[in-house]
Every structure is written in structure tokens, then in C-alpha cells.
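Each remark here refers to the structure printed beneath this line.
The values are calculated or read from the model by the stated rules, or taken from the named source; none is laboratory data. Keep in mind it's a predicted model, so treat the numbers as computed, not measured. Positions of Cβ are backbone-derived with ideal geometry, glycine not excepted, and every protein chain shown enters the neighbour counts. Side chains are part of the model used for accessible areas, which takes the heavy atoms of the whole protein and leaves out ligands, DNA and RNA. Shrake-Rupley method; radii C 1.70, N 1.55, O 1.52, S 1.80 Å.
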Amino acid sequence: MKSILNNKASEKLIFALDTKSYDEALSWVELLSGHVGMFKIGKGLFTSAGPKIVEEIKKRGQRVFLDLKFHDIPNTVARAVEAAMEYDVDMLNVHASGGSEMIRQAVLAATAFAEKQKKSKPVILAVTVLTSLDDADLDEIGFKSEVDDLVINLAKLAKEAGADGVVASPVDIINLRKSFGDDFVVVTPGVRVAADASRDDQKRTLSATEAIKAGSDYIVVGRPIREADQPLNACLKIIQEIEDALSVK
Ligand code: C5P
């Protein structure tokens, strides 16, 4: 499965609902519904608001990326995937470093559950190497590879185990496309508005135009929209950047 969405620029934009407040999350959903392709719910919001926030967003006809990065024994992850599917999430993720059997069981559980419940299977992504880790961190943990090589190794493992794609830093997109071609979903956080000098704590960033041109299928954006003086304008500006990139691809 390459993509559940079409090629419309706005559908390639995933908004990160990085708030712990249920009410604030819903006010962002009200503002950005129809403008972004999906809303990403991470550990903070899910831990404070629970599945109810997923249900509410789905009730409003919007798509949800449940970013809980499951990493556990295969059976536990498989059951967690089924639990997420009760709420019709459209995309979810697991850590590739949980191993091929864990990913395989997650994909098998999702496929079986989708068939049984006559639902569509969510896009299952693998997180390769967290963007907060560098070569020194890997060495400290005891991994003998460098980040670039480990990203490709883990992406290969994830693809062979049946994952639909990966979450990847903007700087990894070109290597991933070289290694895996176009039939693999690449979702990219760490994207900034082209003219924006402030890059928060994201070290390896690209503009939306650069990320889409490099081959990203979806970009995840939080603060550049959330912290803008006019968030909707910032969102529309990013969509324009995506459109520009698509028009020259
Ligand atoms: O605010 P900002 O645009 O940096 O938000 C990016 C979002 O993508 C956050 O929700 C962050 O947790 C998530 N993310 C990331 N890097 C990863 C995976 C997810 O920044 N490797």
C-alpha cells in the first residue's frame, strides 16, 4: 500500500496536536479541518485525554495518525494495534528496533482485524532512529552502526516485515528513496516554513518544498503552525509550498 490519500497538497500535511489539553486539541481540529490531511496524536495528548480524543476527531470526519511508537513483545504490540483500530485510526507506528517479528505480528494483527471488522487497515509506519539520537548516542547505547546506516538497515527490516513505510528525518529521504523506490511511505517531521529562521529544537530540518521534492509523501508540522501569529495563514503557506514542490516534480 503506497498511500491512503491522494496527491492533493493539503492531504500531505499532518498537523501535530502537541498539547495535553483535550479542549485545545479540539479547537485546533476546528480551525484546521479541511486544510490538513491528518491530525497526529502523540503520547502527551493520548496519555492525558485518552481514546476519547481519537473518537472526537474521527466523529468530525478527520483522519488520525496515532503516534504512540509501540515497542514491546510481538503479542503485546499486536494487541495494541487492534486496540487502536477500534477507533479507526488511519495511521500508526511502531519502533523498527522492536525487531522483524514484532513488526510482522503488528501487520498481521492489523490485516486480520481489518478483514474481520470490514475496516480498512491503517498505514503502519516504523520509526527507524529517533531524530534526537546521533552517532555518539548510538555508541553509548551499544549500537555499532552509524545513524545513516542504521536508518537504512531498520527501514529494510521494517519493509521486509510488512510495514507500509517509515517516519524519517528530512535528511534521510533521498537515501530511503534510493534504497526502496517509490513504493514505500515516507513521513517526515522536522519541517519548517522556508523563510523561517527559528528552528526550535529540530536540528535537521528542511522546508516543506525541499522535503516533498526530496520524496517525502507526508510532512508532519507542529510548532511552525501552532506558534505562528496567524496559524491558519501559516498552514496555508505550507500547503502552498507543498503545491509548488508537486508542480515541479
Ligand atoms: O513542532 P514540530 O513541527 O517540531 O513537531 C514535530 C512533531 O513530529 C512532534 O510531534 C514530534 O514529536 C514528532 N516527531 C519528530 N521527530 C521524529 C518523530 C516524530 O519531531 N523523529
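For the chain, modelled as a Gaussian network with Cα springs under 10 Å, which listed residue fluctuates most, Ser27, Ser169, Ser120?
Comparing Ser27, Ser169, Ser120 in a Gaussian network model of the chain, the most mobile one is Ser27.
Can you sort Val171, Val151 by 1.4 Å-probe accessible area, starting with the largest?
Final ranking, largest accessible area leading: Val171, Val151.
Stokes-Einstein D for the range 81-182 at 10 °C, 1.306 mPa s, Kirkwood Rh over Cα pairs, in µm²/s?
The Stokes-Einstein estimate is 111 µm²/s.
Which one, Ile141, Ile124, Ile103, has the greatest fluctuation when you compute a Gaussian network model over the chain with C-alpha springs under 10 angstrom?
Most flexible of the set in this elastic network: Ile141.
Per residue, how many Å² of accessible area does the range 9-247 show with a 1.4 Å probe?
45 Å²
Set the Förster radius R0 to 51 Å, insert the Cβ-Cβ distance between Leu232 and Leu133 as r into 1/(1 + (r/R0)^6), and round the FRET efficiency to 0.05.
Calculated value: 0.90.
Gaussian network model of the chain, Cα springs within a sub-10 Å range: biggest mean-square fluctuation belongs to which of Ala96, Ala168, Ala234?
Taking springs between Cα atoms under 10 Å, the residue moving most is Ala234.
So, taking all protein chains as they sit and a 1.4 Å probe, how much accessible area belongs to Arg192, in Å² rounded to tens?
Approximately 10 Å² of Arg192 is accessible to the 1.4 Å probe.
Please report how far the C-alpha centroid of the range 38-72 lies from that of the range 223-243, rounded to the nearest whole angstrom.
21 Å
Taking a quarter of the surface of the convex hull around the Cα atoms of the range 9-247, what do you get in nm²?
Convex hull of Cα atoms, orientation-averaged projection: 12.7 nm².
Greater than 32 Å separation of Cα atoms is the criterion. Which listed pairs, Lys52/Lys213; Lys58/Lys144; Lys69/Lys119, meet it?
Violating the 32 Å limit, Cα to Cα: Lys52/Lys213; Lys58/Lys144.
State the percentage of accessible surface on the chain attributable to carbon and sulfur atoms; use a 1.4 Å probe and exclude ligands, DNA and RNA.
49 percent
So how exposed is Tyr22, as accessible area in Å² (1.4 Å probe, rounded to 10)?
Here the residue's solvent-accessible area equals roughly 60 Å².
Need one number: nm distance between label points at Tyr22 and Ser48, each 7 Å from Cα along Cα→Cβ, rounded to one decimal.
That separation, rounded to one decimal, is 1.2 nm.
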